[in-house]
1. Out of the range 71-89, which residues are surrounded by fewer than 15 Cβ atoms within 10 Å (Cβ to Cβ) and under 28 Å from residue 235 (Cα atoms)?
2. When residues of the range 199-256 are filtered for being touching a strand residue (DSSP E or B) at 6+ places or on another chain (Cβ under 6 Å), farther than 21 Å from residue 182 by Cβ and among the aliphatic types (A, V, I, L, M), how many remain?
3. If you scan the range 350-391, which residues turn out to be modelled with pLDDT under 80, under 13 Å from residue 340 (Cβ atoms) and assigned to a helix (DSSP H, G or I)?
4. Which condition number in (1) more than 20 Å from residue 141 (Cα to Cα); (2) crowded, with 16+ Cβ neighbours inside 10 Å; (3) touching a residue at least 40 places away in the same chain (Cβ under 8 Å) is the one that residue 308 fails?
5. Considering each residue of the range 210-239, count those that are outside any strand (DSSP E or B) and either under 27 Å from the mean Cα position of the chain (by Cα) or polar (S, T, N, Q) (or both), and give that number.
6. Looking at residue 117, is it more than 30 Å from residue 289 (Cα to Cα), at pLDDT 90 or above, surrounded by 15 or more Cβ atoms within 10 Å (Cβ to Cβ) and aliphatic (A, V, I, L, M)?
7. Considering each residue of the range 387-423, count those that are charged (D, E, K, R), under 23 Å from residue 139 (Cα atoms) and in contact (Cβ under 8 Å) with a residue 40 or more places away in the chain, and give that number.
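The values are calculated or read from the model by the stated rules, or taken from the named source; none is laboratory data. Computed from a predicted structure; not experimentally measured. Here the Cβ is made from the backbone with ideal geometry for all residues, glycine too, and neighbour counts use every protein chain on show.
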Amino acid sequence: MTRVLLVDDDEKMRASTAQALELAGFAVEPLASGPEALALAGPGFAGVIVSDIRMPGMDGMTLLGRLRDIDPDLPVILVTGHAEVPLAVEAIRGGAYDFIEKPFRVQELATVIRRAADHRKLVLENRRLRAVAGKRDDIEARLPGRTQVMVDLRYRLRAIGGSDADALIIAPTGAGKEVVAHALHDLSARAARPFVAINCAALPAALIESELFGHEAGAFPGAVRARFGKFEHARGGTVLLDEIGSMPLDLQAKLLRVLQDRVITRLGANEPIPLDVRFIAISKTDLGLAVQRGSFREDLYWRLNVAVLHVPPLSARREDIPLLFLQLLREAAARHKLPERDPPSAFLAGLAAKDWPGNVRELRNLAERVVLGLEGAELAGQGARLADQVAEFERSLIAGAIAAHGGHLRPVYETLGISRKTLYEKMQKYGLDRRLLVDPDG
């Protein structure tokens, strides 16, 4: 059954459209705002998003842009009034799958959704086949890098991702821990179900239990209606607990029980509710040290410390920085529909030598500023073509690997993730002779 995220701030319109689409055979999740859709639609999402254009806060056009940042192939259908048709046409050029004009017949919308769903199914199947064939897959595109720490990270991520095990991600600020969390979700059998992110540091202390566990009507002053908590909202999917080290100790005890028993009880209720979710916790700091300080429960720490992923800072993968920056530069240029910039080799070498306390996020911000012309004016008209710079970097990478492995080629192509045939072709292309790259005294 095709899953449809239906986004509309008009409650009556949302309810009537959802009911009609359910009768047409779709699994519909009615949502009142764009941010709710962003929490559910990841790169592994196997359904279709239908959104009204005119909404307060995040409108349909902004939602489209945010969804395309997550996955450019997510099928988004926009619902538009007659006066907004030119805007919707512009959205098609910007990546929307289609648009439908109000008032519309449900059969018409259902036909467009089915076409979009078939297209999405084909996209995801092609990605799966590419991954099975051993080609550069979605995970490598999201977490690029040829340094050993990144190769190890992707290996562990794939090993853990397909399981249902809870996971702990340790990473400094800006290193990409959220990307790793989304990848874990998308590699799992839960990829088509909700991905609910919870920032433990941002939850108000007075409402934290209600936010996580939900409540019944009358559970506390102001609770006029029963409400699902975030845990319950994620049923069948994944819960991301960001900044878990900031969770109060009393709530850590309740979380431990949830992890062990897989049931929750809403505030003001007595009946336990079974909970089928996978938990992924994120921390910037070593939780073992927090246990020693007494700010984190030891039993919860050992419950989480089974499948652990360490995301390295840029300082631990300096060789990746030039190519990573070039990729971020291309992405920024495409996002802003501006020409790509060609940084000279000296500029790229300088990036690799620099400290990056903000890690990938800081490097991405620099790429944005360079593309927008706010920084790096000296790049204009200087340096070799981008393809030449990439080729030179690739040549040095292969030469270094051959030297490091004493001229033995098997560990070279295995480490670089390429075939023997590809390695030979590149050695011939770059004029590399393994006999000249090996230190005779080494």
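1. To start, the set of residues in the range 71-89 that are surrounded by fewer than 15 Cβ atoms within 10 Å (Cβ to Cβ) comprises 72, 81-83, 85-86, 89.
Of everything in the range 71-89, just one residue is surrounded by fewer than 15 Cβ atoms within 10 Å (Cβ to Cβ) and under 28 Å from residue 235 (Cα atoms), namely 72.
2. Total satisfying the criteria: 2.
3. Passing the criteria: 379, 386, 387, 389, 390.
4. (2)
5. Initially, the range 210-239 is screened for residues outside any strand (DSSP E or B), giving 210-214, 216-226, 228-237.
This time we only want the ones that are either under 27 Å from the mean Cα position of the chain (by Cα) or polar (S, T, N, Q) (or both), so: 210-214, 228-237.
So the count comes out to 15.
6. On the way: more than 30 Å from residue 289 (Cα to Cα): yes; at pLDDT 90 or above: yes; surrounded by 15 or more Cβ atoms within 10 Å (Cβ to Cβ): yes; aliphatic (A, V, I, L, M): yes.
Against the criterion (more than 30 Å from residue 289 (Cα to Cα), at pLDDT 90 or above, surrounded by 15 or more Cβ atoms within 10 Å (Cβ to Cβ) and aliphatic (A, V, I, L, M)), residue 117 qualifies.
7. Filtering the range 387-423 for residues charged (D, E, K, R) gives 388, 392, 394-395, 410, 414, 420-421.
Checking which are under 23 Å from residue 139 (Cα atoms) leaves us with 394, 414, 420.
From what is left, the residues that are in contact (Cβ under 8 Å) with a residue 40 or more places away in the chain are none.
The qualifying residues number 0.
Yes/no matrix, rows are residues, columns are (1) more than 16 Å from residue 80 (Cα to Cα); (2) of a type in the set (Ser, Thr, Tyr); (3) in contact with a Ser or Thr (Cβ under 9 Å, 6 or more places away or on another chain):
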| site | (1), (2), (3) |
| --- | --- |
| 1 | yes, no, no |
| 4 | yes, no, no |
| 7 | no, no, yes |
| 18 | yes, no, no |
| 38 | yes, no, no |
| 52 | no, no, yes |
| 57 | yes, no, yes |
